[in-house]
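Trainee: Below is a structure I'd like to ask you about.
The values are calculated or read from the model by the stated rules, or taken from the named source; none is laboratory data. The structure displayed is predicted, hence computed values, not measured ones. Reconstructed Cβ throughout: ideal geometry from the backbone, glycine too, with neighbour counts over all protein chains shown. Note: areas computed on protein heavy atoms with side chains; ligands, DNA, RNA excluded. Shrake-Rupley method; radii C 1.70, N 1.55, O 1.52, S 1.80 Å.
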Amino acid sequence: MFLSSAHAAGAADVAMGQGVSLSEPEDDSRWVTQVTPYLWAAGLEGKISPFRRGPVIETDKSFSDVLDDLNFGGFANLWTRHGRFVFSGDAMYIKTTDADAIGPLPAFQIPGLGVTIPVGATIGARVDTEQFMATLQGGYRIVETPRFTLDALAGARIWHISNEIKVTAEHTGIGRRTASYGESFGWADPLAGLRAFVPLTEQFSLQAQADAGGFGAGADLTWSVLATANYTVNDSLSLSAGYKALKVDYDRDGHVYDVFLSGPVVGVTLRF
């Protein structure tokens, strides 16, 4: 599993880059595949405007803050290789909810409620966010020695974010009134990257992977880095721990998603 999110009105979105891929396939004569579910304890900071007509909100949340709003998170990484040809896939789905209540307030109007909210009313707001992100990259092993390998990668990172806000106003003069509004947006970023692998012993190894892209095609800029130390349990199972960071700066058509996520990562790799 992988956990992380960013928030609209203090709630909900996130994200992220390449997953954890552990020790190298040893047999070049066949396709070898690795699947890695992983956990990313990421904190979040940045600016978000999930609604086209909404304000830009600054957010700064620790991993524990993010976890409080999480409903579901499911994430996995795929790595496969045949000879010098490699393929990397990473998928993420996150659903979060943030709810707040304020009041009593001065008189004002909320579009969709159809009435003026009287003095002393209590307002409750709930923001539900769903986020999907997938990174797909293909590449070629440009350096291969017994002590070091280096892969060149290229591909795309795809984002889709959906937000719904539900506002409830309550007062003796109007009773209880509710209005809802939802919006979704998405984009794709071209990427180029590198992945290095260094075996230290038969069981221990180091890995680093980085990419950068966007170039204004979707986001103005996006990049990610991942570094892990890995332990091979047997031919089918490996464990890893390390650190991961992701930056994305998207600002288009009134939607803003300019965030930086970083934190420790742990994973379990199954090799086939």
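Trainee: Estimate the FRET efficiency between Val268 and Ile174 by the formula 1/(1 + (r/R0)^6), using the beta-carbon distance for r and 41 Å for R0, to the nearest 0.05.
Mentor: Approximately 0.15, to the nearest 0.05.
Trainee: Measuring with a 1.4 Å probe in the full set of protein chains, what accessible area per residue, in whole Å², belongs to segment 126-272?
Mentor: On the way: 6670 Å² over 147 residues.
Per-residue value: 45 Å².
Trainee: For segment 68-84, what does the Karplus curve 6.51 cos²θ - 1.76 cosθ + 1.60, with θ = phi - 60°, yield as ³J(HN,Hα) per residue in whole Hz, taken in order and with x for Gly and Pro?
Mentor: Values, residue by residue: 4, 9, 7, 9, 7, x, x, 8, 7, 10, 10, 9, 9, 8, 9, x, 8 Hz.
Trainee: Still on this structure: Residue by residue through segment 248-255, what is 3J(HN,Hα) from phi via Karplus (6.51 cos²θ - 1.76 cosθ + 1.60, θ = phi - 60°)? Round to whole Hz and write x for glycine and proline.
Mentor: Once rounded to whole Hz, the list reads 9, 10, 10, 8, 7, 6, x, 9.
Trainee: Do me a favour and compute the ellipsoid semi-axes for segment 43-85 from its Cα gyration tensor, root of five times each eigenvalue, largest one first, whole Å.
Mentor: They are 33, 17, 11 Å, listed from largest to smallest.
Trainee: OK, next. Step through the residues of segment 210-223 one at a time and calculate ³J(HN,Hα) from phi using the Karplus curve (6.51 cos²θ - 1.76 cosθ + 1.60, θ = phi - 60°), rounding each to whole Hz and writing x for Gly and Pro.
Mentor: Listing the rounded values in order: 8, 8, 8, x, x, 6, x, 5, x, 6, 5, 7, 8, 8 Hz.
Trainee: May I pose another question? Given 0.36 nm per residue, what is the gain on full extension from Leu237 to Thr33 after removing their alpha carbon distance, in nm?
Mentor: Values: separation 204, 0.36 × 204 = 73.44 nm, distance 1.20 nm.
Full extension from Leu237 to Thr33 adds 72.2 nm.
Trainee: Then there's this: Per the 1.4 Å probe, what fraction of the accessible area of segment 121-240, in percent, lies on carbon and sulfur atoms? Display every interim value, and only then the final one.
Mentor: Values: 3510 of 5560 Å².
The nonpolar share, carbon plus sulfur, comes to 63 percent.
Trainee: Filter the trypsin sites (Lys or Arg not before Pro) in segment 138-186 to those in DSSP coil with at most 11 other Cβ atoms within 10 Å of their Cβ, and list the result.
Mentor: Values: sites: Arg141, Arg147, Arg157, Lys166, Arg176, Arg177; in loops: Arg147.
Hits after loop and neighbour filter: Arg147.
Trainee: Sticking with this structure for a sec: Gain in length, Glu58 to Phe260, computed as 0.36 nm per residue apart minus the alpha-carbon separation, to one decimal in nm?
Mentor: In short, 71.5 nm is gained.
Trainee: While we're on this one: Hey, rough spin-label estimate for Ala196 and Ser184, points 7 angstrom out along Cα→Cβ, what's it come to in nanometres?
Mentor: Using points 7 Å along Cα→Cβ, the separation is 4.1 nm.
Trainee: Pull up the cross-link candidates among the lysines for Lys166, meaning alpha carbon to alpha carbon under 23 Å and not fewer than 8 places away within one chain.
Mentor: Output for Lys166: Lys47, Lys61, Lys95.
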